[in-house]
Structure formats: structure tokens, C-alpha cells
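Down below is the structure, laid out as C-alpha cells.
The values are calculated or read from the model by the stated rules, or taken from the named source; none is laboratory data. Quantities reported herein were computed from a predicted structural model and do not represent experimental measurements. With ideal geometry, Cβ positions are generated from the backbone for all residues, glycine too; neighbour counts draw on all protein chains shown. Remember, those area values only see protein heavy atoms, side chains included, never the ligands or the DNA or RNA. Shrake-Rupley method; radii C 1.70, N 1.55, O 1.52, S 1.80 Å.
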Amino acid sequence: MRRAKIPDRLHEQVDAFLRYLATERRHAQSTVHTYRRDLDLLREFVRDEALRPDAGGLDRHALRHFLAAT
């Protein structure tokens with residue numbers, strides 16, 4: 001049985017946040033790159049743990065588990 005594909009809202013949310021940092025907050029490219037690296041690790045964690053790929057669905061427990069795993 002094939003599972004329905006869940007839209008990866010987290011990817012969209014991360015990209016929007018990084019655009020905000022670069023354009024609105026005018027952070028250095030190296031800062032934005034570092035945020036991207038860390039948030040890509042979070043996205044991998046969400047995928048590996050089969051969590052809902054949406055920032056709104058990540059609770060304190062999930063984020064603490066991510067931080068402990070990194």
C-alpha cells in the first residue's frame with residue numbers, strides 16, 4: 001500500500017525564514033548559510049523521526065529531542 005505524500009511545509013517555512021534573514025534583517029551571507037545548515041539538520045531529523053513536516057507541529061519535546069541528537 002502506497003502512503004500519501006505529505007506536503008513538506010517545513011521546507012517552505014525554512015526558505016521563507018532564510019529569505020527574511022537575508023533581505024529584511026540583512027544578515028551576512030555566512031550567517032544565513034549557518035542557519036540553513038542547522039535547519040537542514042532539523043528537516044532531516046523531522047523526516048527520520050516521521051514527524052509532521054511543519055514548524056507549527058514541532059513541540060518542545062520534539063525540539064529537545066532534536067537538540068539532544070545533534
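Couple of notes before you dig in:
- Among the residues making up segment 41-65, those that are assigned to a helix (DSSP H, G or I) and open to solvent by 80 Å² or more (accessible area, probe 1.4 Å) are E44, R47, D48, R60, H61, R64, H65.
- Checking R37, R25 one by one, the residue that is open to solvent by 100 Å² or more (accessible area, probe 1.4 Å), modelled with pLDDT of 95 or more and not in a helix (DSSP H, G or I) is R25 and no other.
- If you check P7, P53 for being out of contact with any helix residue (DSSP H, G or I) (no Cβ under 8 Å at 6 or more places or on another chain) and in contact (Cβ under 8 Å) with a residue 24 or more places away in the chain, only one passes: P7.
- Condition check for A68: part of a helix (DSSP H, G or I), modelled with pLDDT of 95 or more and open to solvent by 80 Å² or more (accessible area, probe 1.4 Å): yes
- Restricting V14, V32, V46 to those that are in contact with a Pro (Cβ under 7 Å, 6 or more places away or on another chain) and at pLDDT 95 or above reduces the list to V46.
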